[in-house]
1. Within segment 144-162, can one find any residue that is in a strand (DSSP E or B) and of a type in the set (A, V, I, L, M, F, W, C)?
2. Does residue 284 meet the test of being more than 13 Å from the ligand (Cβ to nearest atom) and either touching a Ser or Thr at 6+ places or on another chain (Cβ under 6 Å) or at pLDDT below 95 (or both)?
3. Could you please give the count of residues in segment 302-318 that are near the ligand (Cβ under 9 Å from one of its atoms), in a loop (DSSP other than H, G, I, E, B) and in contact (Cβ under 8 Å) with a residue 60 or more places away in the chain?
4. Step by step: first the residues of segment 189-224, then only those that are part of a helix (DSSP H, G or I) and small (Gly, Ala, Ser), then the one that is farthest from residue 261 (Cα to Cα). Which residue is that?
5. Report yes if residue 251 is outside any strand (DSSP E or B) and surrounded by 24 or more Cβ atoms within 10 Å (Cβ to Cβ), otherwise no.
6. Counting only residues that are charged (D, E, K, R) and in contact with a Cys (Cβ under 7 Å, 6 or more places away or on another chain), which one in segment 309-360 is modelled with the lowest pLDDT?
7. Check residue 36 against each of (1) touching a residue at least 60 places away in the same chain (Cβ under 8 Å); (2) farther than 24 Å from residue 179 by Cα; (3) not aliphatic (A, V, I, L, M) and name the one condition it does not meet.
8. Please specify each residue of segment 319-349 satisfying the condition of being out of contact with any strand residue (DSSP E or B) (no Cβ under 7 Å at 6 or more places or on another chain), closer than 16 Å to residue 64 by Cβ and near the ligand (Cβ under 7 Å from one of its atoms).
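The values are calculated or read from the model by the stated rules, or taken from the named source; none is laboratory data. None of these values were measured; they are calculated from a predicted model. Please note: Cβ atoms are built from the backbone with ideal geometry, for glycine as well, and neighbour counts cover all protein chains shown.
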Amino acid sequence: MNLLNKFKDPKLCLNILEQIKSDLQEEFRFMEVCGTHTVAIFQSGIRSLLPEKIIHLSGPGCPVCVTHDREIAAYLALSEKNLVIATFGDLIKVPGPGGKNLKMAQAEGAIINIVYSAFDALQMAMENPDRKVVFLGVGFETTAPTVAAVIKMAKEQEVRNFFVLTMHKLVPPALKALAADKEIRVDGLLLPGHVSTIIGLEPYKFLAEEYNMPSVIGGFEPLDILQSILIMIRQKNESRAVVVNNYKRVVSDQGNTRAMEVMHDVFEVSDALWRGLGTIPDSGLVLRKEYSDFDASLVFDQELPEVEEVVGCKCGEVLKGLISPDNCPLFDTRCTPAKPVGPCMVSTEGSCAAYHKYRL
Ligand code: SF4
């Protein structure tokens, strides 16, 4: 058996599951921050095997889901400015104000191309020097360093027709906002494996020190997830809170310092608007002055338009773990992956889409 298969081994998983059952003394509400965890928990069947006393909440860890209506409105407005828009695929289906999305804008004549990376967008710009290409930069610390590296490359190669509309967001400030919100009751956090690969352990320490919140960086295999849950239960039982790296085969405690360096070379920290969570201080990234020639918001004078909220969508409450997706009155009625009303039903890692696909 190779190493990765061991993390799926049914015998080992059942063993941890038994320990969870025997150690569990009261009801706990655990939030998995990352959309990949939400899907992994469903796919592996863990959700149906865990005792009912463990309540699972999905958090704000899907970048498309936390994109605000005003940000979608900005994308739509940019698409009307005779630019080439380069974007990740999920984003084109997210409905903005009035239900319009980038796919509809494309049908009306806007030039919108799906890319797999910011580098693809840069290449598109280099191959089409007579067109202005704008890459829609969404994502957390996992994505932002790669976008930063591409912007650096564009500067070095003096590419004048490549721009980025940056809506990147940082995970720890959002977790701070959640932990400080008295309305939200969370007993422990399963921290995102991918983001942690970049930022390491240190940025989460406030969760234990200031909020007494057991928090575990976990991998995505069944054994990773079950072990992480057991660690949180044991910390709760012992009334202590520590941030634990339970994904050491991938995440080093100090993170990827080179990636962080590149990210901070190009971007500086700013406040950011999150769907459901509002404006969170120091939770976003904007381009530094030295890179302002690449900043689509400045070059094309594109601010975030004021918009009316999408009526009926409860994504904000889902992202804060206040309700589960099937408590939204539109779930699987007016809102389905084929015709999503909110972004949580669009992304494959969105909680609503995961509930739609895997719910028992
Ligand atoms: S089911 Fe649809 S409308 Fe309801 S919260 Fe999820 S995405 Fe929004």
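1. Kept after step one, since they are in a strand (DSSP E or B), are these residues of segment 144-162: 162.
Going one step further and asking which of them are of a type in the set (A, V, I, L, M, F, W, C), we end up with 162.
The answer is yes, given that some residue of segment 144-162 is in a strand (DSSP E or B) and of a type in the set (A, V, I, L, M, F, W, C).
2. On the way: more than 13 Å from the ligand (Cβ to nearest atom): yes; either touching a Ser or Thr at 6+ places or on another chain (Cβ under 6 Å) or at pLDDT below 95 (or both): yes.
Yes.
3. Narrowing segment 302-318 to residues near the ligand (Cβ under 9 Å from one of its atoms): 310, 312-318.
Filter once more, so that each one left must be in a loop (DSSP other than H, G, I, E, B): 310, 312-314.
Within this subset, residues satisfying the condition of being in contact (Cβ under 8 Å) with a residue 60 or more places away in the chain are 310.
Matching residues across segment 302-318 total 1.
4. The first filter runs over segment 189-224 and keeps only residues part of a helix (DSSP H, G or I), leaving 193-199, 202-211, 222-224.
Still in the running and small (Gly, Ala, Ser): 193, 196, 208.
Working: 193: 20, 196: 15, 208: 26 Å.
Of everything passing the filter in segment 189-224, 208 is farthest from residue 261 (Cα to Cα).
5. Details: outside any strand (DSSP E or B): yes; surrounded by 24 or more Cβ atoms within 10 Å (Cβ to Cβ): yes.
When the stated conditions are applied, residue 251 passes them.
6. Among them, the one singled out is 349.
7. (2)
8. Correct list: 335, 340, 343, 344.
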